[in-house]
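The values are calculated or read from the model by the stated rules, or taken from the named source; none is laboratory data. None of these values were measured; they are calculated from a predicted model. Ideal geometry is used to build each Cβ from the backbone, glycine not excepted, and the neighbour counts take in all protein chains shown. Heavy atoms of the whole protein, side chains included, go into the accessibility calculation; ligands, DNA and RNA do not. Shrake-Rupley method; radii C 1.70, N 1.55, O 1.52, S 1.80 Å.
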Amino acid sequence: MRILGIETSCDETGIALYDTQHGLLADALYSQVEVHAQYGGVVPELASRDHIRKTLPLIDQVLAAANCTKTALDGVAYTAGPGLVGALMVGATLGRSLARGLGIPSLGVHHMEGHLLAPMLDTDPPAYPFVALLVSGGHSQLVRVDGLGVYALLGESLDDAAGEAFDKTAKLLGLPYPGGPEVAKLAEQGDPQRFTFPRPMIKQPGLDLSFSGLKTHTLTTVRQCVAETGLTEQDKADIAYAFERAVVETLVIKCRRALQQEGLHTLVMAGGVSANLSLRESLATKLEPDGVDVHYPPLRFCTDNGAMIAYAGALRLLAGERDGAQADVRARWPMTELSPPEGAYA
Ligand code: KG4
Ligand code: ZN
């Protein structure tokens, strides 16, 4: 089965072609970062308009790269939520129209399920059951995964998502949008001895997360530096380092706790923040000695992309799931509302 995947939930247009026998045939990504950078964050209306401009040319590009025509497609998967409604509607409308025109099925895919399954695109995919750490711009969740669509929420952020915390810290430090990679880059120059930031919610039992206190601590430290000498480049790097360390260590502690609680030995991390090299390295070095198998997606599939949507859609389309007449997009959509494909209508 050859499935075209369309991702337009936020500020990236991602298109991919996945073959259930031969794997990923081609993929392309267009980032709107330059469109939004001058505003310091994503402007939803501009995002929708840019998806309209880019989606069809990218589909043609991916099909050409795979040496494939539209008539060779067996299904179309598009991101149906959660995300920006206008942006989602572009991918959903184009995806469903294309499928209807070709007489093939379409399916709306959950964006976070796409992220969750992205590590399966690697050469050594994880086996169920596992604990997933989903850390993106809009979500920070620990989820027990027993199979496709069998998800139990173990804990989540009570306020800012991990990626959002990175982005807000970047703003405080005067770094450009999107902030996560910028904070990570600056942290490499930071002095590990200078500041120690609090590790939020590690003393409380349970698996929920909270990053707003850390944000306040970062703000206070920035203000202190400004008052003392003005915020120097070294101050910024030291703060970036302390912030990143606090987030990483908190996530490592919570992941360890989740694995112990569930009696599992496989951890899968996914979502934009899983591109953070310090987090990838710390999870591996801290958990692997205890016998934990740590998986993360290939770097280019950590942040939003079409391959994860094509892959998640392919699994469900292959199992017979299809869009019904009422298919719609959803700004909010808890992942725990998903079910395994057996419950699907044909
Ligand atoms: O999954 P994603 O591409 O989009 C959403 O679904 O939200 O995640 C984007 C988030 C942004 O907040 C971005 O700053 C963060 O992931 N991010 C990073 C890194 N790369 C992306 N955060 C920390 N370190 C990184 N290297
Ligand atoms: Zn995402």
Pairing the Cα long axis of helix 85-102 with the longest principal axis of the chain, what angle in degrees results, from 0 to 90 and rounded to the nearest 10?
20
Please calculate how many Å² of accessible area the stretch 9-88 carries per residue, with a 1.4 Å probe and no DNA, RNA or ligand atoms counted.
44
Would you kindly find the accessible area of LYS215, with a 1.4 Å probe and non-protein molecules such as ligands, DNA and RNA excluded, rounding to the nearest 10 Å²?
60
Assuming 1.567 mPa s and 4 °C, estimate D for the stretch 170-274 with Stokes-Einstein, Rh taken as the Kirkwood radius over Cα pairs, in µm²/s.
87
So what is the relative contact order of the chain, in percent, for Cα pairs below 8 Å that sit 6 or more residues apart?
25
How far is helix 212-228 tilted off the main Cα axis of the chain, in degrees rounded to 10, range 0 to 90?
50
Rounded if a/c under 1.5, otherwise prolate or oblate - the stretch 198-332, Cα gyration tensor axes:
prolate
Can you list, largest first and rounded to whole Å, the semi-axes you get for the chain by taking the square root of 5 times each eigenvalue of its Cα gyration tensor?
35, 24, 16
Under the Karplus curve 6.51 cos²θ - 1.76 cosθ + 1.60, θ = phi - 60°, whole-Hz ³J(HN,Hα) for the stretch 106-112, x wherever Gly or Pro sits:
10, 8, x, 10, 7, 4, 6
As I understand it, the value is the acute angle between the Cα axis of helix 44-65 and the longest principal axis of the Cα atoms of the chain; what does it come to in degrees, rounded to 10?
60
Protection proxy (average C-beta count within 10 Å per residue), highest first, orders 105-118, 77-90 as 105-118, 77-90
Where both residues lie in the stretch 66-206, what percent of DSSP beta bridges are antiparallel, nearest 5?
70
Among beta bridges that DSSP assigns inside the chain, antiparallel share in %, nearest 5:
60
Per residue, in Å², the accessible surface of the stretch 127-296 once ligands and nucleic acids are set aside, probe 1.4 Å:
42
Taking a probe of 1.4 angstrom, what is the accessible area of LYS286 in Å², to the nearest 10?
90
May I ask you to give the percent of accessible area on the chain that is carbon plus sulfur, with a probe radius of 1.4 Å?
52
